[in-house]
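Below is one structure, written out as structure tokens, with a few remarks after it.
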Amino acid sequence: MTSFGGADMVDWNLAVATAQRLMRPGPEVSGDEARAIVAELRKHARSSEEHVRAFTRMYGDASMTNGTPVLIVDRVGWVKANVAGFREILKPLLGKMQERRPGGLGGMALGTVGGKVTGVEVGMLLSFLASRVLGQYETFAPATRELPAGPVAPGPGEPRAGRLLLVAPNIVHVERELDVDPHDFRLWVCLHEETHRTQFTAVPWLRDHIEGEIQSFLGETDMDASTVIERIREAAQSFSGGGAGGSKGTRGDDEPEEGRSIVDFVQTPVQREILARLTAVMSLLEGHADFVMDGVGPDVVPSVAEIREKFQQRRASGAGRLDQVLRKVLGLDAKLRQYKDGERFVRAVVDEVGMDGFNRVWTSPNTLPTKAEIAKPADWVTRVHRRSDS
């Protein structure tokens with residue numbers, strides 16, 4: 001647990017236990033089949049590295065890639081890995097919350113109860129996500145006894161290796177659900193996740209830049225409990241159709257309130273600016289991974305066209321009404337838009353200036369696209385290429 005003065009702001013152990021209790025069972029496989037799946041995923045992860053680097057022309061420091069473990073995990077393993085990452089990235093925020101908590105026995109009791117409530121809520125969220133994630137490159141997670149991570153570079157600004165997770169039960173579940181060639185699908189998934197590993201190992205400053213943006217976002221969080229409760233109440237009223245001014249209000253930018261996620265209701269103006277930058281870079285990373293997996297695919301994944309078509313349909317439809325509601329409330333619909341918008345940006349830039357020209361995006365934080373440029377790739381080309389070349 002993360003403890004401050006004897007009280008826990010988040011009961012992480014309870015979060016893991018809650019997620020494990022609520023988690024859906026994975027697909028049925030025999031012991032021999034499970035071992036074969038794990039071996040094949042490891043093989044595909046290794047072969048994907050060569051394919052991705054050759055296609056993207058991003059090579060970077062091979063020692064960092066070689067030091068990044070590839071872990072084949074089940075759903076519980078994915079939850080434990082993400083809890084470790086949450087604990088690491090949220091330490092500064094939880095410290096500030098602790099400082100503002102009332103002292104004495106009342107504060108201790110509030111912290112203990114609040115920690116358990118939050119632990120249950122985090123566990124419920126993770127149980128929902130744990131059956132849906134196929135793979136993940138973890139950039140911030142520390143090493144644990146069960147889940148090793150890559151080495152930490154000696155100095156600031158140097159690349160730090162994370163770990164690549166492949167969630168075997170979910171990969172098997174989706175390949176069966178889509179009725180696609182399992183061997184092709186497993187390689188296709190590995191190509192996407194390997195692209196993320198390549199992004200972070202070949203671009204030394206990227207991890208620290210994103211971490212800095214996240215910490216800035218968390219640092220701007222309004223820590224006044226009454227304000228947070230009020231905003232959460234507004235969010236609940238919005239999604240239930242209540243609240244002053246009718247059930248379908250709009251923001252100043254004409255975005256319907258019903259289309260916003262819980263996260264939108266707890267942002268300050270500064271946080272919205274930071275989130276716009278984070279949205280742009282995440283759109284770039286996810287879109288780049290989709291572009292690469294489809295670009296490499298025809299040469300090494302014979303059924304890539306069928307897989308892409310069926311997978312896109314699955315992304316768009318969700319698993320049911322409850323799934324669609326939860327995706328909207330949690331902001332996961334925005335994640336899906338990131339894939340599409342980012343892929344269109346990468347494709348348009350590569351068509352205009354080639355792969356080497358696109359790779360200027362990795363030069364520094366100043367060459368990352370803005371949220372507006374993700375929507376208008378020509379503006380990025382003009383800013384980064386035309387002005388620098390004139």
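The values are calculated or read from the model by the stated rules, or taken from the named source; none is laboratory data. Being a predicted model, the structure only gives us computed values, none of them experimental. All Cβ positions, even for glycine, are placed from backbone atoms using ideal geometry, and neighbour counts span all protein chains on display. Accessible surface areas use protein heavy atoms only, side chains included; no ligands, DNA or RNA. Shrake-Rupley method; radii C 1.70, N 1.55, O 1.52, S 1.80 Å.
Solvent-accessible area of LEU129, probe 1.4 Å, all protein chains present, reported in Å² to the nearest ten, please.
Surface open to solvent at LEU129 totals about 40 Å².
Sort 76-85, 163-172 by the packing proxy (mean of other Cβ within 10 Å over each peptide's residues), most packed first. Don't jump to the answer; show the numbers that get you there.
Numbers: 76-85: 21.8, 163-172: 23.8.
Per-residue mean Cβ counts within 10 Å order the peptides as 163-172, 76-85.
Using the structure shown, select from LYS91/LYS116; LYS340/LYS376; LYS80/LYS116; LYS340/LYS371; LYS80/LYS310 the pairs with a Cα to Cα distance greater than 20 angstrom. Each step should come with its number before you reach the end.
On the way: LYS91/LYS116 17 Å; LYS340/LYS376 13 Å; LYS80/LYS116 17 Å; LYS340/LYS371 13 Å; LYS80/LYS310 30 Å.
Exceeds cut-off: LYS80/LYS310.
Points 7 angstrom from Cα along the Cβ direction at GLU309 and GLU88: gap in nanometres?
For GLU309 paired with GLU88, the spin-label model returns 4.1 nm.
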